[in-house]
């Protein structure tokens, strides 16, 4: 996905048709990023739209020597982090029972014909993590942020960031073991 310099220039001049063209060009790529941080498509679409607005309003800061996909990815992730910070108070008041419910849900639909763990299954498992653990895990394992960077962006301590990554890994490992057991029992 590399939009033409002409399209980017038209977007900078506030051409609504160019904005629409760029939106459709970036939609799938940006939605995939948003889905890593959300439990449902509606929330992902909301994040995408907020992030795309930031992309459009900051397009004049884009430098051609930087790959466009890297730049929009960074803007989108930063937008998601901003939204996460704004929503932090709501999550802090979530009851322990709701967290247990989220952790206990099994969103993975087992497909007997598919004997190998695929990316979709792993993404579904990641979606079962509590919001904060999922966000920290995505930032660390997928986006490549350090614990120090995550701590600064999410306004948490380095240790809390490390704990969430550790918790996410442990939870995912347990869910993978359970999935493997299901796969083994079906193949017998």
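The values are calculated or read from the model by the stated rules, or taken from the named source; none is laboratory data. In this text, all values refer to a predicted model and were calculated from it rather than measured experimentally. Here the Cβ is made from the backbone with ideal geometry for all residues, glycine too, and neighbour counts use every protein chain on show.
Residue check: is residue 65 surrounded by 13 or more Cβ atoms within 10 Å (Cβ to Cβ) and either in a helix (DSSP H, G or I) or modelled with pLDDT of 85 or more (or both)? Walk me through it before giving the result.
Numbers: surrounded by 13 or more Cβ atoms within 10 Å (Cβ to Cβ): no; either in a helix (DSSP H, G or I) or modelled with pLDDT of 85 or more (or both): yes.
Against the criterion (surrounded by 13 or more Cβ atoms within 10 Å (Cβ to Cβ) and either in a helix (DSSP H, G or I) or modelled with pLDDT of 85 or more (or both)), residue 65 does not qualify.
Only one of 59, 30 is closer than 18 Å to residue 5 by Cβ and at pLDDT 85 or above. Can you tell me which? Write out each step before concluding.
Numbers: 30 fails: closer than 18 Å to residue 5 by Cβ.
Selected residue: 59, the only one of 59, 30 that is closer than 18 Å to residue 5 by Cβ and at pLDDT 85 or above.
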*asked:* One residue is enough: does segment 166-188 have a residue meeting the conditions closer than 24 Å to residue 86 by Cβ, surrounded by 13 or more Cβ atoms within 10 Å (Cβ to Cβ) and at pLDDT 85 or above?
replied: yes
_Of all residues making up segment 26-62, the number that are under 18 Å from residue 129 (Cα atoms) and assigned to a loop (DSSP other than H, G, I, E, B)_ = 5
*How about segment 141-165: which of its residues are farther than 20 Å from residue 79 by Cβ and crowded, with 17+ Cβ neighbours inside 10 Å?*
147, 164, 165
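Confirm whether residue 107 is modelled with pLDDT under 50, in contact with a helix residue (DSSP H, G or I) (Cβ under 8 Å, 6 or more places away or on another chain) and either in a loop (DSSP other than H, G, I, E, B) or surrounded by 13 or more Cβ atoms within 10 Å (Cβ to Cβ) (or both). It would help to see each step written out before you state the result.
Working: modelled with pLDDT under 50: yes; in contact with a helix residue (DSSP H, G or I) (Cβ under 8 Å, 6 or more places away or on another chain): yes; either in a loop (DSSP other than H, G, I, E, B) or surrounded by 13 or more Cβ atoms within 10 Å (Cβ to Cβ) (or both): yes.
Spelling it out, residue 107 is indeed modelled with pLDDT under 50, in contact with a helix residue (DSSP H, G or I) (Cβ under 8 Å, 6 or more places away or on another chain) and either in a loop (DSSP other than H, G, I, E, B) or surrounded by 13 or more Cβ atoms within 10 Å (Cβ to Cβ) (or both).
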